[in-house]
Amino acid sequence: MPRFLGIARDRTNEIRRSVLRGLAADMLLLTGGVSVGARDFVAEVLRGAGVNILFHRVNIRPGSPLLFGTARRTLVFGLPGNPVSTAVTFLQFVRPAIRAMLGRTDLFPTRFPAVTDEPLEGGQKRRYLRGIVRREGEKFHVKTTGSQSSGVMTSMLTADCLIILPAGGMPLAPGDAVEIELLRDTAGGSREERIGHHA
């Protein structure tokens, strides 16, 4: 059963109290305080609490400061504090881990090809853009939700898919192929179920 540990201020003693309580669970999930700022104390506190940090930073955008470690039987995730970064890293890393712990085999959402309706920038990091998909004949077309800043939560709230661009990819022009991952909607079904399954 999930247990909310509250909000700890950017003070090592407060973070430590919450971490020690959370390490009694199967999974400890923290948000914020994992980057390299002067008040980002989470990694330091976790090490002091005996957490073996297996990685701290991943080559994705948004969400690169992601942290993961273990402490005995507890999985520990430190997610970035920007809201979109939190959502993306939860979907890509935490949700599959939860499903695996529950014994499920469908760890990852379905991904399938689509066509971009707008130019998209490449980059050195794997990118997760928030998008809106529509079906046109036998193809799926996708466009972004607007600003892709990791602090703009509306980019996630109005999205029904993630557009996934590989690391080191070249810029894309309208009509180029991309890979998308559908998001669950609030009606309990998926966008995929509503527009037809073409994985």
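Summary of computed values
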| read-out | value |
| --- | --- |
| Net charge contributed by nearby residues that have their C-beta within less than 9 Å of R61 (K/R +1, D/E -1) | +3 |
| Theoretical gain in end-to-end length, N52 to S18 [0.36 nm per residue, Cα-Cα removed] | 10.5 nm |
| FRET efficiency, R135 to A173 (Cβ-Cβ, R0 22 Å, nearest 0.05) | 0.55 |
| Helix 12-22 vs. the chain, principal-axis angle (Cα, 0 to 90°, nearest 10) | 80 |
| Relative frequency of Cα-Cα separations exceeding 17 Å in the stretch 12-101, percent | 43 |
| Summed side-chain charge close to I15 - residues other than I15 whose Cβ falls under 13 Å, Lys, Arg +1, Asp, Glu -1 | +3 |
| Net charge contributed by nearby residues that have their C-beta within less than 15 Å of T105 (K/R +1, D/E -1) | +2 |
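Computed from the coordinates by the stated procedures, all read-outs in this text should not be read as laboratory data. Just so it is clear, the model here is predicted, and its values are computed rather than measured. In this analysis, Cβ positions are derived from the backbone assuming ideal geometry, glycine residues included, and neighbour counts consider all displayed protein chains.
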